[in-house]
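Reviewing the structure listed below.
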Protein chains: 2
Amino acid sequence: MKIKLISIGKELLLGETIDTNSVFISQQLSLYGIEVNKKIVLDDNYEAIKQAMNYEFVDADTLIITGGLGPTDDDVTKEAVCDFFESKLVLCDDVLQSISSYFQRRGKKMVSSNLKQAYFPEDCTIMHNPNGTAPGFIIEKDNRTAIVLPGPPHEMKPMFFSYVEPYITKRIGKKVFTTNINTYGISESELEYRLRPLVKQNEKLSLATYADFGEIRVRLSICDDKNDDVNELLSRYTIKARQFIGDKFVYGVDCDNMQSALVKLLIEKNMKIATAESCTGGLLSKCITDVSGASQVFECGICSYSNRIKEKILGVSPETLQKYGAVSEQSAREMSQGVLKLSDADIAVSVTGLAGPGGGTEEKPVGLVFIGVATRKKTIVKQCNFNMLNNKSRESIRRHSQLESMKILIDVINEQK
Amino acid sequence: MKIKLISIGKELLLGETIDTNSVFISQQLSLYGIEVNKKIVLDDNYEAIKQAMNYEFVDADTLIITGGLGPTDDDVTKEAVCDFFESKLVLCDDVLQSISSYFQRRGKKMVSSNLKQAYFPEDCTIMHNPNGTAPGFIIEKDNRTAIVLPGPPHEMKPMFFSYVEPYITKRIGKKVFTTNINTYGISESELEYRLRPLVKQNEKLSLATYADFGEIRVRLSICDDKNDDVNELLSRYTIKARQFIGDKFVYGVDCDNMQSALVKLLIEKNMKIATAESCTGGLLSKCITDVSGASQVFECGICSYSNRIKEKILGVSPETLQKYGAVSEQSAREMSQGVLKLSDADIAVSVTGLAGPGGGTEEKPVGLVFIGVATRKKTIVKQCNFNMLNNKSRESIRRHSQLESMKILIDVINEQK
């Protein structure tokens, strides 16, 4: 399949909206080994759309087009595509019915402009839209296919999974199986280097990495015409891949992110957590409570920006603060122990450091961060020098402090019996 | 100017990287009243780039091309553009010098592959790059202009401001003056409706709105060939626009976001703040401490997820919790008063509510949030029903709770003498 993507909408050209649809579609297609070879963004313009289809179909067999399926006069994608395929728009009763019931469910009445959305080219396959009023469609003629989807991502994505994925599976005669390994603390190039032998040995296995700050998701996928045993094969590859990467860099499999992995683990172990934050100022507790179900495991969080609060609430001794300073191994230790005691949690974490941009000295530069983790049995403190990062911004130092803290927590919890 | 944008890079086609460059450039150009009429993403492919330039120049006079200027053999943008303009690449001594000193400053040695980056088409204008090794260039011939910039945003953006903006200003003979009004709590369509008369009365004035959750930034701009008095004119429009919008929806002018406005205001008034959070779980304190300089005003933050912590640390009375529950006007009141007392701050905020997805009842549905703000003089509590939002996700409810809290804080601080 030679695929190009066309995104339609003035808001994309004006920079008011970021085109995330094409990013999503590219990622999904890459699972099938299909590389998109061009992307285009156009205005809602009948002639421009037709002209682009003429030009782009010269060296492509499939165009995936998103946007411009709304009820207003501006929305002309369907009309232009229909015209290109020399087809005729006809009223589809079942679509009319489903648009009308979409409004009914919301206690609203369908207006006449929505009638337009029930017209479709003859001989196309309609993709129904449970999340909006604009259905999509697939139209094929003379070895040319146009897959047309609505612009809003929350309408487009479910439609992609329900219709486009099965269509591709059928057309290329293969199905895709994937697993994601979540890593932290290892570079993209190092990951690729370590996994190269595995990919070389197993030609069916494909690999892609997606970096987001320090977290890197390694996607293993197999695209195969057989269904049997592929999942088992993928499980075996996953185990091997973890060994090749090294367990200390892997924090989970098929997790959304580090905080989800942490909360899941805490629930499994029936443990409660508390946080004491200085330079991260609530970022840790915010991330933990981003996860739904966090209330089962999160006891309390203290953001102690001033020394007075570190003493008064967390019980850090004035001597420690005076002798070693707030940014020190000793303060991190007492902060984690303090909040553990205060909260009656099973495990506690503390972060104290210099996120900058001001406040650094030669002895304690911006980027110096201490992370403490305390349980009933022991307390450990790790010194991090985030001044070594390429990006030494306040945001970057705080994000890395959060990720590093969560990775240490996960390791400590896993060590416990 | 008829402008199209071409972004080059396989990572953009594979969906590994989001093309934010074209979003930035579109927004900047819109200031000059220039609407981009097409965007294209291509692979690093010599022939594909040349072919696209041939085709796209038919109905455009300017192409802004980003990416593919690196030192590797894959990077062919400069070569393809040079070929298209039938120019010749020549070694530029001053560029060679600046690349070499770029490495020296970093204690590294320039390698032979970087030599390629010092070659440029004859008769082009070189755009120097203080943030990387790939300079850009502008080349013009037969009323066609290509503006070629490196892909990494932190290299592209400063180059855009240093070279591309002055180039456009010169070419269209106009300069742009802008002010941003930061609003919250009003819809985009309502904003446009209220500001329409102002724009109608003043034809030089342009208006654009950028929405991010509940915050909407209104950008006022004047593109003029005169420099005199334009800033003064813009100031007058800004005052009028604020009146048209209504002061209760405006939280600042030219602010990055609500937390920056809040921290700036607290610094101005020499006030200290403390937070007591339940359903937002640290989001408020995280946002406040995102702002550099927050340590001057942020005293402490308590995330009290459990009732026990609400009693023990914040001093909420067991009777209140039992009689009214943790999600109640009374609890919000006592939480804000509790953290004010504990922290010795000048103003305190509390948030307690149901962020979901679980935990809602008929009486107290997901989305019900109470926000308390306490000062030495008074305490106010606002009940919010975020279950009325279109997007009722946990993230959305938490984000709206944060924004609403900060807006109330700003209003209360401004009311004080």
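The values are calculated or read from the model by the stated rules, or taken from the named source; none is laboratory data. Given the structure is predicted, the values throughout are model-derived calculations rather than measurements. We place every Cβ from the backbone using ideal geometry, glycine too, and count neighbours over all the protein chains shown. What goes into the accessible areas is simple: the full protein's heavy atoms, side chains included, and nothing from ligands, DNA or RNA. Shrake-Rupley method; radii C 1.70, N 1.55, O 1.52, S 1.80 Å.
Looking at (1) within 14 Å of chain B (Cβ to nearest Cβ); (2) open to solvent by 20 Å² or more (accessible area, probe 1.4 Å), which is the one condition that is false for residue A:348?
(2)
Considering only the stretch A:194-212, how many residues are surrounded by 14 or more Cβ atoms within 10 Å (Cβ to Cβ), more than 14 Å from chain B (Cβ to nearest Cβ) and either in contact with a Lys or Arg (Cβ under 7 Å, 6 or more places away or on another chain) or in a helix (DSSP H, G or I) (or both)?
Looking only at that region, the number is 4.
Determine, yes or no, whether residue A:314 is of a type outside the set (Val, Ile, Thr), part of a loop (DSSP other than H, G, I, E, B) and within 24 Å of residue B:314 (Cβ to Cβ). Explain how you work it out, then say what you get.
Values: of a type outside the set (Val, Ile, Thr): yes; part of a loop (DSSP other than H, G, I, E, B): yes; within 24 Å of residue B:314 (Cβ to Cβ): yes.
So residue A:314 passes the test.
Go through (1) at the interface with another protein chain (Cβ under 8 Å from one of its Cβ atoms); (2) open to solvent by less than 40 Å² (accessible area, probe 1.4 Å) and name the single condition residue B:292 misses.
Here residue B:292 meets the rest and fails (2).
For the structure I just gave you, tell me whether residue A:320 is more than 14 Å from chain B (Cβ to nearest Cβ), outside any helix (DSSP H, G or I) and surrounded by fewer than 23 Cβ atoms within 10 Å (Cβ to Cβ). Steps first, please.
Details: more than 14 Å from chain B (Cβ to nearest Cβ): yes; outside any helix (DSSP H, G or I): no; surrounded by fewer than 23 Cβ atoms within 10 Å (Cβ to Cβ): yes.
When the stated conditions are applied, residue A:320 does not pass them.
Given (1) in a helix (DSSP H, G or I); (2) free of Cβ contacts under 8 Å to residues at least 24 places away in the same chain; (3) not β-branched (Val, Ile, Thr), where does residue B:292 come up short, assuming only one miss?
(1)
Looking only at residues in the stretch B:3-52 that are among the hydroxyl-bearing types (Ser, Thr, Tyr) and closer than 15 Å to residue A:22 by Cα, which one is modelled with the lowest pLDDT?
Taking the stretch B:3-52 first, the residues among the hydroxyl-bearing types (Ser, Thr, Tyr) are B:7, B:17, B:20, B:22, B:26, B:30, B:32, B:46.
Then drop every residue that is not closer than 15 Å to residue A:22 by Cα, which leaves B:7, B:17, B:20, B:22.
Values: B:7: 98, B:17: 87, B:20: 94, B:22: 97.
The qualifying residue modelled with the lowest pLDDT is B:17.
Only one residue in A:417, A:382, A:407 is modelled with pLDDT of 95 or more and open to solvent by 50 Å² or more (accessible area, probe 1.4 Å). Which one?
Working: A:417 fails: modelled with pLDDT of 95 or more; A:407 fails: open to solvent by 50 Å² or more (accessible area, probe 1.4 Å).
Unique residue meeting the criteria: A:382.
Look at residue B:168 and say whether it is hydrophobic (A, V, I, L, M, F, W, C) and open to solvent by less than 50 Å² (accessible area, probe 1.4 Å).
Details: hydrophobic (A, V, I, L, M, F, W, C): yes; open to solvent by less than 50 Å² (accessible area, probe 1.4 Å): yes.
So residue B:168 fits the description; yes.
Checking residue A:358 against (1) more than 30 Å from residue B:131 (Cβ to Cβ); (2) open to solvent by 30 Å² or more (accessible area, probe 1.4 Å), which test does it fail?
(1)
For residue A:78, work out the one condition from (1) away from chain B (no Cβ under 11 Å); (2) surrounded by fewer than 18 Cβ atoms within 10 Å (Cβ to Cβ); (3) of a type in the set (D, E, K, R) it doesn't fulfil.
Failing condition for residue A:78: (2).
Among the residues of the stretch B:390-409 satisfying the criterion of being in contact with a helix residue (DSSP H, G or I) (Cβ under 6 Å, 6 or more places away or on another chain) and more than 13 Å from residue B:184 (Cβ to Cβ), which is farthest from the other protein chains (Cβ to nearest Cβ)?
Among them, the one singled out is B:397.
From (1) closer than 30 Å to residue A:288 by Cβ; (2) open to solvent by 30 Å² or more (accessible area, probe 1.4 Å); (3) touching a residue at least 60 places away in the same chain (Cβ under 8 Å); (4) among the charged types (D, E, K, R), pick out the condition that doesn't hold for residue B:286.
Among (1) closer than 30 Å to residue A:288 by Cβ; (2) open to solvent by 30 Å² or more (accessible area, probe 1.4 Å); (3) touching a residue at least 60 places away in the same chain (Cβ under 8 Å); (4) among the charged types (D, E, K, R), the lone unmet condition for residue B:286 is (3).
Considering only the stretch B:144-159, state which residues are open to solvent by 30 Å² or more (accessible area, probe 1.4 Å) and more than 15 Å from residue B:24 (Cα to Cα).
Restricting attention to the stretch B:144-159, the residues satisfying the condition of being open to solvent by 30 Å² or more (accessible area, probe 1.4 Å) are B:144, B:152-154, B:157-158.
Answer for the stretch B:144-159, where residues must be open to solvent by 30 Å² or more (accessible area, probe 1.4 Å) and more than 15 Å from residue B:24 (Cα to Cα): just B:144.
If only one of B:9, B:33 is surrounded by 21 or more Cβ atoms within 10 Å (Cβ to Cβ), on the phi > 0 side of the Ramachandran plot and in contact (Cβ under 8 Å) with a residue 12 or more places away in the chain, which one is it? Spell out how you get there, then give the answer.
Details: B:33 fails: surrounded by 21 or more Cβ atoms within 10 Å (Cβ to Cβ).
Result of the check over B:9, B:33: B:9.
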